[in-house]
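Worksheet for the structure shown next.
The values are calculated or read from the model by the stated rules, or taken from the named source; none is laboratory data. On a predicted model such as this, the values are computed, not experimentally measured, just so you know. Note that we place each Cβ from the backbone using ideal geometry, even for glycine, and neighbour counts take in every protein chain shown. Just the protein is used for accessible areas: all its heavy atoms, side chains included, with ligands, DNA and RNA removed. Shrake-Rupley method; radii C 1.70, N 1.55, O 1.52, S 1.80 Å.
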Amino acid sequence: MLPHYFNHLFVTGIDIYIADVLIILTSLGIVSVLTYFKKWKWLWREWLTTVDHKKIGIMYILAAFAMFFRGGMDGLMMRTQLAVPNNHFLSAQHYDEVFTTHGTIMILFMAMPMLIGLINVAMPLQIGARDVAFPYLNAISFWTFFFGAMLFNLSFVIGGSPDAGWTSYVPLAGPHFNPGPGENYYLFGLNLAGLGTLASGINFLVTVIRMRAPGMTLMRMPMFVWSTLITSILIIFAFPVLTVALSLLTFDRLFGSHIFSMTHGGMPMMWVNLFWIWGHPEVYIVILPAFGILSEIIGTFSGKKLFGYPAMVGSQITIAFLSFVVWVHHFFTMGAGAAVNSFFGVSTMLIAIPTGVKVFNWLFTMYKGKIRFNTPMLWALAFIPTFVVGGMTGVMLAIAPADYQYHNSYFLIAHFHYMLIGGTVFGVFAGLYYWWPKMFGMKLNERLGRWHFWTFMISFNLTFLPMYLVGLMGMTRRMYTYPPGLGWSHLNMLETIGAFGQGISMTFMLINIVWSFKYAERDVTGDAWDGRALEWSTTSPAPEYNFAHVPVVYSRDAFWDMKYSKNKEKYQVKEKPYRPIHMPNNSGRPFLMGFAFFISFFGFVFEWYLVGGIGLAAVFYLMFQRSFEYNTDHYISVEEIEHTEAVTGRS
Amino acid sequence: MAYPIDAHHAPVDPSVPLEYSTEDGSLKILGFWIFLAADIVLFSCLFATYIVLHNNTYGGPTAQQLFDVPGFVAETLLLLTSSFTCGLAIFEMHRNRLQPMIGWWIVTILLGMGFVAMEISEFAKYVGEGANITRSAFLSAFFILVGTHGTHVTIGIFWMIALLIQFIRYGITAVTARKAFVASLYWHFLDAVWIFIFTVVYLSGKVS
Amino acid sequence: MTTHSDVHATQDTAIAPGQPINHEKFPWKHIVGYVLSLVLTFAALGLVLSSALPLTAVIVSIVILAVLQLLVQLFLFMHLTERHGSATHILTLSFAFFVAITVVAGSAWIMTFRSSVA
Ligand code: HEM
Ligand SMILES: [Cu+2]
């Protein structure tokens, strides 16, 4: 006989069966395509074992898109449920699961990896480096994120999804009210992905500090590199807090400890406290790189130097400090007392100052510039007003007494979607359109890009602007249905229409990608947008070693000066014979390590300690093996460099 | 052949300690410092949790009743001494003397093992008295904080054993020196964390 | 020479020259460190066992002693100030202490619930 839990191991329900079938069909499709075209070896050699930051970046972006699709589907299901009053498209339980996975996936498995992907693609090129500081660790970061995301998503078909919200508040998420494995999936999936994120933070910080091309002082770095630097610092100091919070709750659930219990002296609010000590820096982790992308794009498409560079740097450093001292604004209503709430209310409002400084700098950069309205610039332009709306309402939420009214209403939902979509996602789209030629060697189509932009912009506002209103009218977040006659119905219908509009809009992007791969003109210049930073000085896509000669930097906007400055000879990289380039070897171990973690944590989710232990032992064995590996790098020969450069028309 | 590595890892700058002499080495040391900074924050959260919960004994044993002075003082001395001997190993490494380096390294590992053994028996004793992790929030926070430190030490011991084999095989090179230095940073760091456990958990427990 | 660039990296990563490797014949620094940590440990223990001071005074003094001992580890054992390149690790550590103190003090403050409406 099988143990009892096998009876409900696999989730049942019509929609789940449909999903099961789709998942199986997709997997079979991928497997057969790979087999038919004999691509398995290629997949392993070129992608799964790669330590090249550009490829790792592309894999991050690909995985993040898959998660975007999943999270988007969740969003559409929620909006369908809320379209009309008294709807029963989803049950209450199902609705809870859907908003939980939507939030968790969008923040941790979509926004972060999308940005980390773009950082991987662009940052090392922008500082004129040949790779990140720790390429092997970079691969481990990716695979732990990837398998963490897979583990989280597995809950959909095996065992059941978590249902306590992306914030997973106890006691609801504790062992008594939530005995199923769903919550365990949340804890272990996030913890695994969090490890990878922490490693990325360390990796990027050391890269920016130590790997810059000669002459590139800190104050000559492109603004995106600055934002990477500050983001890394936030990651390094925020993610350990998440690790602790998740682990403590894991102990409560698996081993019966009482940190967050209602009984035995535990303190449920300690979870909330720890969660937001991580959570607030986290929201800045997902916005700062978007700020950086924006600064790059606005400078490039205005044909001007970024206005107020030192102020931009200063404001980001201020944000790094402030984002660690505002976390209580997420739980003013806990009632910690007037002193606590006042302190954290004021510190929160302070954060709006450096943020405002950035907005003005972007505006002044455009002032009197010759603006080119290409797709990346359109997203950047749309970013500014939406972000201002989100920021203003954020300041409203920071007024502690008023927050007793706004808290957990749709007003809050509107605030953070204006930040996360109008800010982060617009920034990500801007970055994708901007660096697409650098990644794949061709621009995306402008016409389809404009369709994508306008439909998305309009639908986004249609979805979220009414949320401010229904929020003020008293509609609370996470309610799964509502009666008619409250004055919310029409607005909710509008929101649903807007949500589907965003879904349709994304198909324009998809079509654009497919179309461009097939028909778009290849970019042979390497400098698709008449860019200003060093990533545009090499070919598109960049060769494995990025730069045949490491560039030498004399000023901010280094590549711009190489092209146009009066004494540009000085800036040109001296023609000298190539020298062999030292590069790290590929390795399959990061992938295997991620997989071993996956097996182990899957075991722990079901409290099968044997499986969990064996998986962990495999992880440690792989680390041990690495410690004894001394042959970790190779040289690219001069002939090979000459060949590569000649093929791309540079010699 | 001392060690099977390409020329890239050969020391390039004889004016600095061996562990910093390759770019790879100095990058990794910086990376490890940053990891330790992150670990500081990790422990700070566990300390915060302990401080918030330490009075919530729920009718179970209190810190005052539970902790036994000679026991935790002995643990402290073991770890302190091991931090000292670990420093001596690095000192000998800088003088390029392999034998004494290995000797101190082994002493460090043994002292670390002694510490872990004492901690396990301390935990076993508490559990035997019914003071286990499920008894009260205070005990949950105690076991998780002190246990996390103990796990760190245990991992450190396995790591140091792996390195010991490499010292014996390859001698003192730029690569093994960097590995030894990084492990020694980790070890001193764990001693520093223990000092705070000693102060905040054990000594403060005896005061109140 | 370098891992990923064929030129010497930026100025501030340039390695400080002239650091003698065998600067000491006898490990004075380590011995001083060890003795200091023993003294600090037993001072703290003595303070607690003698119960000569009031409670808060004892807690404050033993925390100060712990911080001193942390400094001993950092400066005498961990070669914190031995700079071979930039001082990034010191800045990072400082930020870590800022966050750690914020977390500990902040949590202790917040979780006391000094509120009339809790
Ligand atoms: C001007 C800067 C900002 C201010 C003053 C601000 C203020 C606030 C406040 C006070 C809350 C809590 C409201 C409540 O729960 O009642 C909040 C929630 C939130 N904010 Fe912001 N915020 C700002 C920027 C951002 C940014 C840049 C992002 C993300 C990119 C963001 C994302 C969020 C999220 C995700 C939540 C709520 C999470 C939840 O409860 O599920 N905020 N914000
Ligand atoms: Cu916040």
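Quick notes on this one:
- Between the alpha-carbon centres of the range B:63-98 and the range A:194-223 there is a gap of 36 Å.
- Taking label points 7 Å from Cα along the Cα-to-Cβ direction, A:Val84 and A:Val33 give a separation of 3.8 nm.
- Charge tally in the Cβ shell below 14 Å around A:Ser141, where Lys, Arg are +1 and Asp, Glu are -1, A:Ser141 excluded: 0
- From the alpha carbon centroid of the range A:613-651 to that of the range B:131-208 is 32 Å.
- Other residues whose C-beta falls under 11 angstrom from the C-beta of B:Met101 contribute a net charge of +1, scoring Lys and Arg +1 and Asp and Glu -1.
- Calculated [222 nm] ellipticity per residue, helices only, for the protein assembly as shown: -22000 deg cm²/dmol; basis is -39500 (n - 2.57) per DSSP H run with n ≥ 4, divided by all residues, nearest 500.
- Restricting the range A:468-533 to chymotrypsin sites (Phe, Trp or Tyr not before Pro) in coil, as DSSP defines it, with at most 10 other Cβ within 10 Å: none
- Accessible surface, 1.4 Å probe, highest first, among residues B:Tyr20, A:Tyr554, A:Tyr621: A:Tyr621, A:Tyr554, B:Tyr20
- Computed from point charges on the beta carbon alone (+1 for Lys and Arg, -1 for Asp and Glu), the dipole magnitude for the protein assembly as shown about its Cα centre is near 1700 Debye.
- Residue-count net charge about A:Arg45 - beta-carbon cut-off 15 Å; Lys, Arg +1, Asp, Glu -1: +2
- Longest stretch of chain A clear of exposed loop sites (trypsin sites (Lys or Arg not before Pro), DSSP loop, at most 10 other Cβ atoms within 10 Å, sites excluded): A:39-367.
- Ordered by 1.4 Å accessible area with all protein chains kept, C:Leu70, B:Leu27, A:Leu486 run largest first as A:Leu486, C:Leu70, B:Leu27.
- Each Lys and Arg Cβ is given +1 and each Asp and Glu Cβ -1; about its Cα centre, the range A:39-576 then shows a dipole of about 1700 debye.
- For the residues of C:46-52, the average number of beta carbons from a partner chain within 10 Å of their own beta carbon is 2.
- Residue-level accessible surface for A:Ser247, protein heavy atoms, 1.4 Å, Å²: 40 Å²
- Across the options B:Leu203, B:Leu30, B:Ile40, the greatest Cα extent toward the positive end of the charge dipole of chain B (unit charges at beta carbon of Lys, Arg, Asp, Glu) belongs to B:Leu203.
- Value of relative contact order over chain A, rounded to a whole percent, pairs C-alpha under 8 Å and six or more apart: 17 percent
- Ordered by solvent-accessible area of protein heavy atoms (1.4 Å probe), largest first, the residues C:Thr92, A:Thr318 come out as A:Thr318, C:Thr92.
- Working from Cα pairs under 8 Å separated by at least six residues, relative contact order for the range C:26-82 is 48 percent.
- Note on the protein assembly as shown: Cα-only Rg and Dmax are 28.4, 87 Å.
- Electrostatic dipole magnitude of chain B [Cβ: Lys, Arg +1; Asp, Glu -1; Cα centre; debye, to 20]: 160 debye
- Pairs of alpha carbons in the range C:26-82 separated by more than 18 Å make up 40% of all such pairs.
- A:Thr26 contributes about 80 Å² of solvent-accessible surface, heavy atoms of the protein only, 1.4 Å probe.
- Distance between the range A:505-539 and the range C:65-81 - C-alpha centres, whole angstrom: 53 Å
- Dipole orientation for the range A:194-306: of the candidates A:Val225, A:Leu249, A:Trp278, A:Val225 has the Cα lying most toward the positive pole (charges on Cβ; Lys, Arg +1; Asp, Glu -1).
- Listed cross-link partners A:Lys358/B:Lys28; A:Lys304/A:Lys443; A:Lys443/A:Lys566; A:Lys55/A:Lys518 are compared with a 26 Å cut-off, the Cα-Cα value being larger for A:Lys358/B:Lys28; A:Lys443/A:Lys566.
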